[in-house]
1. Which of the residues spanning the stretch A:43-89 are closer than 26 Å to B:PRO44 by Cα, surrounded by fewer than 21 Cβ atoms within 10 Å (Cβ to Cβ) and either of a type in the set (Val, Ile, Thr) or under 16 Å from the mean Cα position of the chain (by Cα) (or both)?
2. For a quick check of your reading: which helices (runs of 4 or more DSSP H) sit entirely within the stretch A:253-359 and have at least 1 residues that are free of Cβ contacts under 8 Å to residues at least 24 places away in the same chain and farther than 29 Å from B:LEU267 by Cβ?
3. Answer yes or no: is there a residue in the stretch A:296-303 that is farther than 21 Å from A:ILE30 by Cα, of a type in the set (Val, Ile, Thr) and modelled with pLDDT of 90 or more.
4. State whether the residues of the stretch B:289-299 include one that is closer than 30 Å to A:LEU356 by Cβ and β-branched (Val, Ile, Thr).
5. Out of the helices (runs of 4 or more DSSP H) lying entirely within the stretch B:1-103, which hold 1 or more residues that are in contact with a Ser or Thr (Cβ under 9 Å, 6 or more places away or on another chain), surrounded by fewer than 18 Cβ atoms within 10 Å (Cβ to Cβ) and within 11 Å of chain A (Cβ to nearest Cβ)?
6. Residue under question is B:PHE145, and the condition is that it be surrounded by fewer than 21 Cβ atoms within 10 Å (Cβ to Cβ) and either within 14 Å of chain A (Cβ to nearest Cβ) or over 20 Å from B:TRP192 (Cβ atoms) (or both); does it hold?
7. Only residues that are part of a strand (DSSP E or B) and either among the basic types (Lys, Arg) or more than 11 Å from every other protein chain (Cβ to nearest Cβ) (or both): list them for the stretch A:1-44, please.
8. Kindly establish whether A:VAL52 is in contact with a helix residue (DSSP H, G or I) (Cβ under 6 Å, 6 or more places away or on another chain), in contact (Cβ under 8 Å) with a residue 24 or more places away in the chain and among the β-branched types (Val, Ile, Thr).
Amino acid sequence: MGVIGAMIDSALSRVHVLPVEGANVRLLRIHLEAATVRRGWLIASTPADADVLIVCGDVTALQSEVDAVWAQLPWPSYRASVEDATQIDECLDGVVSGLRIARRLPRERPSSSAEVSAINCHANRPQTDEHPDPMQMQDSGARDGHRDHSQMGHGDDMDTPTGMDMDMGMAMSGPGGIALAAGSEDDRDGLEMDELHVCLGPILAHWPGGLMLRLTLHGDLVTAAEPEVLWDGSCHALTARERFASLSHAAADILALAGWPPIADRLLRLRDAALAGDDWTALSDASRRLGRRLRRAGMLAWTLPRSDTGGIDVYAALLKLLIDLGELADHPHDGVSGLASVSPDRLADAVVGHDLSTARLLIAALTARGVSAAAHKGHR
Amino acid sequence: MTISSVVGLVMLPVAVMVLALLAAMFNAVLESRSRAGALALSVPLRESARLLGQQRRTIAGADSVLWRIGGGGLVVAAFLQVIVVPIGGFIPADLSVGVVWFNAVDVGLWALWWLLGWGANSVYSLVGGYRILAQALAYELPLMFALTAPVVAASSLRLSDVVAAQHSLWFVVWMPVATVVYLLSVVAFSSWGPFATGFGADAASGVVAELSGVDRLLVLAGRYALLVSGAAFAVPMFFGGGAGPLLPDWSWVIVKTLMLTAGMVWLRRVMPILRPQRLAEVGWVVLIPLTIVQVLVVSLIASSGAI
């Protein structure tokens, strides 16, 4: 054993898991997160923070993004997948031994290169490109299947100097072969070189699965947004418990984005209690207690976007979620009222003109009940 | 310089890091109340072990030198802040401009946080850096006025003089506004709790979004170390230095530092993150006038010779 062995054991008691939500498997992801937290492990906020990448369900629609994110995990890392909730525990058991094996592997994984990623968005684009093709601009880059030749963003070269060679021959001027950020004519502040292009989703913490939103940022102000929905969102009819879990997870996402982890954790415990089959009256009481706690939270009401956001009051939406949770717990056997969902175009309209923080909160509030399947594929 | 002061200077960073570890443990215990997982006290140690065994990431186009300076500089800034703090009879560096020294280091934190956000060449890091600067605009001037109040009362920028001036009455009693503003500013320059906007989940954890391994550990430890150093500096400024019954002076400094640190760590539990655009208004419209009035009141009392 010795010191190193003890350190490895310690590390394996704090595994950080990065879940990837495949097509229409929101509940599977929720089950996975619940099982992860039950072990005292954590949900990673970014690939850099993660030890393990776990793919839930079918990700053929975003295979290249998954590979790009996988390449960003620091050594030692491990990758696994689950197809349904019954496999989760077995999968997580395998993580510990998988990470032990990964530690014996060389640090330079053969697959690593200067990957562009779906989550680590690039600040730059070629200045020469007057009519940038969105498919080329996006951070996930290589949906065209030529990732090795389209190094547009700043990926992670994983300590391999060869990663930099990938940019040879590209007409780029900035450090690392990446173009400098450009300015544009309709710049709000006259600052040059602060226009950024960033793609939110599809692999991002506290973000609805299957949604991508390509943003143009000036500093951190959103000046343009273009949505894409990766799959049709058809989901099997949810049971009352599953709806309860889904709604409480959505409310926890809003609170996590607002930066209040203790209360977000309480909502996640409520979610886990619902999935574990707790008594409905207990769930109802807990929802109402949390609702009262949030109504008393003056600081939260003050800091959340409310009136200046085109009629979207994030605080009110959060309180409404808690009220709905209480009512759902009171009448779990009432008819299944489908979760009202929001169209992707509405999301894009809502975020333009706001800073990134407000935009994230607005999206979390708007998508709490799901993103509609409104065909917005191939938006070009 | 005597042998004992050299030993003291060497031990000072160790002491700061031990207190920072205690702060992290306290935070883990608070967190365990809303999260699963036993052995909360060992969480910071296990997390450190995990990060020490992890690869440091490099990113194409990252300004690695500036990035590493920003990340590693935080703990250094914390050490620099505490060297002017009198610990009982031992004063690591009894500068005649101790308060200005502290303020200079705290302004230096602007640069460190910004380098950390800038260096990664990542949108989320950059946005985190922007936010920390926007927030700094809201708290820095109130902080400077808050630091002025004890200085005016003691008629000295030297920390030992400030402690001596509190012989009869601690400054916290008649400078409550300055004390509160100062402590909130410490939480803000440590990017902690309600002022952790640069680490926000809404920017994929902002300035640490791309950090792994020892680099991440240094930043996370640096935040706790800054909370500790800010608390340690508050002790001679507002809380009577080493004054206290029974225990020796140096241990009172440590006890008071720990209590103030615990309070600041706890703040994270009771409040969400306050967004910088909201804070700027409070900082400039409410806190600056309040702290100026505080300094005015202190000046009047001090010049009248009442204290």
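1. Across the stretch A:43-89, the qualifying residue is only A:ILE43.
2. Details: elements: A:261-275, A:280-296, A:298-303, A:314-330, A:344-351.
By residue number, A:280-296, A:314-330, A:344-351.
3. Of all residues in the stretch A:296-303, those farther than 21 Å from A:ILE30 by Cα come to A:296-303.
Okay, now just the ones that are also of a type in the set (Val, Ile, Thr), so A:303.
Of the ones still in play, those that are also modelled with pLDDT of 90 or more are none.
No, the conditions are met nowhere in the stretch A:296-303.
4. No.
5. Once the helices (runs of 4 or more DSSP H) in the stretch B:1-103 are filtered for at least 1 residues that are in contact with a Ser or Thr (Cβ under 9 Å, 6 or more places away or on another chain), surrounded by fewer than 18 Cβ atoms within 10 Å (Cβ to Cβ) and within 11 Å of chain A (Cβ to nearest Cβ), what remains is B:43-52, B:64-82.
6. no
7. A:VAL17, A:LEU18, A:PRO19, A:VAL20, A:GLU21
8. So A:VAL52 passes the test.
The values are calculated or read from the model by the stated rules, or taken from the named source; none is laboratory data. Since we're looking at a predicted model, the values are computed, not measured. As a convention, Cβ positions derive from the backbone with ideal geometry for all residues, glycine included, and neighbour counts pool all protein chains shown.
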